[in-house]
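J.: Below is one structure. I have some questions about it.
The values are calculated or read from the model by the stated rules, or taken from the named source; none is laboratory data. The structure presented is a predicted model; accordingly, all values stated were derived computationally and were not measured. In this analysis, Cβ positions are derived from the backbone assuming ideal geometry, glycine residues included, and neighbour counts consider all displayed protein chains. These area figures cover heavy atoms from the full protein model, side chains too; ligands, DNA and RNA do not enter into them. Shrake-Rupley method; radii C 1.70, N 1.55, O 1.52, S 1.80 Å.
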Amino acid sequence: QARGMQPPVPPYEVLPTEVSMEEMPRSTTVMVEETQQPPPRDHLVWSLFTTLYGNFCCLGLLAFVFSVKSRDRKVLGDYSGALSYGSTAKYLNITALVINIVIVVLVIVFVS
């Protein structure tokens, strides 16, 4: 069956007159829908801050571009593409952050 389609309802049967509803067993049916996994993260805000404050060798700008691509894919419903672009943006942000930390430490060491 296609996703979201419910099975057909069994046909309605009339109770015989000698059967009372109070004598019938009571049961409850609970329909549970599949839980969807959360959409992948696009790291757009992190990429924006990396672009503005630590754009070493344009890594922040590249991370921002991949974040926007990830958000576009998420809007279109392509979660695997969004995950791929978001992951690339995350690794570019991490690389830019590490390089910026190393540069700050080197400047502090050389100045003092």
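J.: Which one of these is touching a His at 6+ places or on another chain (Cβ under 6 Å), under 15 Å from residue 97 (Cβ atoms) and assigned to a helix (DSSP H, G or I): 47, 67?
T.: 67
J.: Still on this structure, I have one more. Please work out if residue 26 is at pLDDT 70 or above, in a loop (DSSP other than H, G, I, E, B) and either open to solvent by less than 100 Å² (accessible area, probe 1.4 Å) or touching a helix residue (DSSP H, G or I) at 6+ places or on another chain (Cβ under 7 Å) (or both).
T.: no
J.: Suppose we keep only residues that are open to solvent by 70 Å² or more (accessible area, probe 1.4 Å) and of a type in the set (A, V, I, L, M) within region 80-103. Which one would you say is nearest to residue 55 (Cα to Cα)?
T.: Ranking the candidates gives 97 first.
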